1. Could you list, in sequence order, all residues of region 234-252 that are aromatic (Phe, Trp, Tyr) and within 15 Å of Arg203 (Cβ to Cβ)?
2. Looking at region 240-268 only, could you name the residues that are surrounded by fewer than 18 Cβ atoms within 10 Å (Cβ to Cβ) and under 17 Å from Phe328 (Cβ atoms)?
3. Can you tell me which residues in region 302-339 are acidic (Asp, Glu) and in a helix (DSSP H, G or I)?
4. Just need a number here: residues in region 300-350 that are over 16 Å from the mean Cα position of the chain (by Cα), crowded, with 20+ Cβ neighbours inside 10 Å and among the basic types (Lys, Arg).
5. Which of the following residues is surrounded by 18 or more Cβ atoms within 10 Å (Cβ to Cβ) and either modelled with pLDDT under 80 or among the charged types (D, E, K, R) (or both): Ala17, Ala58, Ala30?
6. In the same structural domain as Arg257 (by TED's automatic domain parsing), surrounded by 15 or more Cβ atoms within 10 Å (Cβ to Cβ) and either in a loop (DSSP other than H, G, I, E, B) or β-branched (Val, Ile, Thr) (or both): is that true of Asp282 in this structure?
7. If a residue has to be in contact (Cβ under 8 Å) with a residue 40 or more places away in the chain and touching a Phe, Trp or Tyr at 6+ places or on another chain (Cβ under 9 Å) to count, how many in region 308-334 make the cut?
8. Given (1) outside the structural domain of Asp208 (by TED's automatic domain parsing); (2) touching a Phe, Trp or Tyr at 6+ places or on another chain (Cβ under 9 Å); (3) surrounded by fewer than 18 Cβ atoms within 10 Å (Cβ to Cβ), identify the lone condition not met by Pro289.
Amino acid sequence: MRMFRQVWPFNLVFCLALGLLAPSPFVFSAEPTPAEIDFFEAKIRPVLVEHCYSCHSAESKKVKGSLYLDSRAGVLTGGDTGPVLVPGQPEKSSLIRAVHYTDDNLLMPPKKRLSPQQVTDLEAWVKMGAPDPRAAPPAAQKPSIDFNAARKFWSFQSAKEQPDPAPANAASQRSRIDRFIDATLAAKNLVPVKRADKRTLIRRATFDLTGLPPAPDDVAVFEKDASADAFAHVVDRLLSSPHYGERWGRHWLDVVRYADTAGETADYPVPLAYRYRNYVIDAFNQDKPYDQFVREQIAGDLLALEGPREKYAERVVATGYLAVSRRFGFDSENYMHLTIEDTLDTLGKSILGLSIACARCHDHKFDPISAADYYALFGIFSSSRYAFPGSEEKKRSRDMVPLVPPQEVDAQKKALAEKVAPLETELKRLDTEKAALDAHVKARVAKPPLASGVIDNGGKQDLSAGKDAASLHSIAVKTGEMIELIILPKTNHGADSTLVEFEIAELGGAKRVWNLTREIVPDLFEKGKGNPHSDAMGNPGVWYFLDSLNGGQLFSKYTADAL
């Protein structure tokens, strides 16, 4: 994550230079007439609001030159250099001089001058005496949150050490927790039920700490152990069990809305989410301090850079707390503001115990969380890079964070590049060789195609009776030329689901007939004659069966995908 400073853009403003040549403070001679008020509201106030208030009003982040233009009193008093206008004398008013852009040292608004009509209206306003119905400056907005009162709310009070209640009797050897319980029961005139027997006690403890029932042997050992710390040994053993982290880590994973899917429209799977799940389980089993547990999940990538090396991967994985934030929409990259909102909502609920998401739109009514606080946090996470888990539309993940330091990443990339370079060279050579072989095979295939057609799923087509049937009556195939049969899939149905009956009849000569399915393939592979294949009349070297998927080589064995 990266902290960043946001620079707030200022609108076009009148700066403190206004009033350099204005006379000493003055008072307006009379109250404005209804017509003058109408003129001010229609022509003057909109200009001041749009171009001046961002830097010269009570709402400004920082008032320039102590000049307030949002009230009659502010205009009357002026800023650090005095009033900005002389009523009735626009030619002597620095306000008018500034908007005319005649003084290079006094150009207001500074980025874009007002329209001619707006300048004319300002001149007319000053000439009529600058009537202004704004009797007083607007009161400064009071904070919507009384932080002093909020700090007194019970849930924001620090925990305080409480004195132990007196034991119920002098012989009581119960724990501190039991003494608090006893005192509360006594105050309500209640008495505890009988103490649990050992079998019940070990079952309760085992279910609570591991989520599993105790083994019969463990129950038997505990029942026979008459020592004072027998139960303490049971608890220590259960806390040392790997099932303890699995049982209690689930509570944290539920709070932080852990899932193995992204949560967007397709709920796309996130295969590496398990790493964060395992981090949480291990943290419980290692009894990791809570403050460290929280820091690693929010800023583990930054802590990893501080070392030690053996903790690098663990701390990076810990930021899965942020990375598993919910995605929204069909293309979740367009809704990252909602993902960040989910991050903030989880941050507030899991660590602060507060629902801070309401502050997205307004200050909290009860909790001391303002909208300004919310967007300060939003800016931090907005400047962070979230790994993209993939989506239904864009299936590949990206921006995944390496689990080794940057210098090791660079070294591994360099080693990989050195290993891949000769392979890429060889691949280019093979591509060139394949292209030459493809061209050679293509040049020797008889043209034009014998026939073409579309076979529907579950249907069949006799290619000798179609629009291309005329080409089947006679086609010249010279010695050494090839006939290629290609079956392309229609939608999701491939050649593996298609029955092919391919027969060639010789015109003239011996009028031989070759049937691919009934004669040639069985004779070639089942009887093991191999290539080249003779015809039924014993003429050798008539048929050569080539594997077009592998560079046009002779078939040496039966290949279901090609024949």
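The values are calculated or read from the model by the stated rules, or taken from the named source; none is laboratory data. Model, not experiment: these values are computed from the prediction. Every residue, glycine among them, receives a Cβ derived from its backbone with ideal geometry; neighbour counts consider all protein chains shown.
1. none
2. Those that are surrounded by fewer than 18 Cβ atoms within 10 Å (Cβ to Cβ) and under 17 Å from Phe328 (Cβ atoms): Arg257, Ala259, Thr261, Thr265, Ala266, Asp267.
3. First pass over region 302-339, keeping only residues acidic (Asp, Glu): 306, 310, 314, 331, 333.
Of everything in region 302-339, those that are acidic (Asp, Glu) and in a helix (DSSP H, G or I) turn out to be Glu310, Glu314, Glu333.
4. 1
5. Details: Ala58 fails: surrounded by 18 or more Cβ atoms within 10 Å (Cβ to Cβ); Ala30 fails: surrounded by 18 or more Cβ atoms within 10 Å (Cβ to Cβ).
Answer to the selection: Ala17.
6. On the way: in the same structural domain as Arg257 (by TED's automatic domain parsing): yes; surrounded by 15 or more Cβ atoms within 10 Å (Cβ to Cβ): yes; either in a loop (DSSP other than H, G, I, E, B) or β-branched (Val, Ile, Thr) (or both): no.
The answer is no for Asp282.
7. Within region 308-334, the subset in contact (Cβ under 8 Å) with a residue 40 or more places away in the chain is 309, 312-313, 316-333.
Filter again for touching a Phe, Trp or Tyr at 6+ places or on another chain (Cβ under 9 Å), leaving 317-325, 327-329, 332-333.
Residues flagged as in contact (Cβ under 8 Å) with a residue 40 or more places away in the chain and touching a Phe, Trp or Tyr at 6+ places or on another chain (Cβ under 9 Å) within region 308-334 amount to 14.
8. For Pro289, the failing item is (2).
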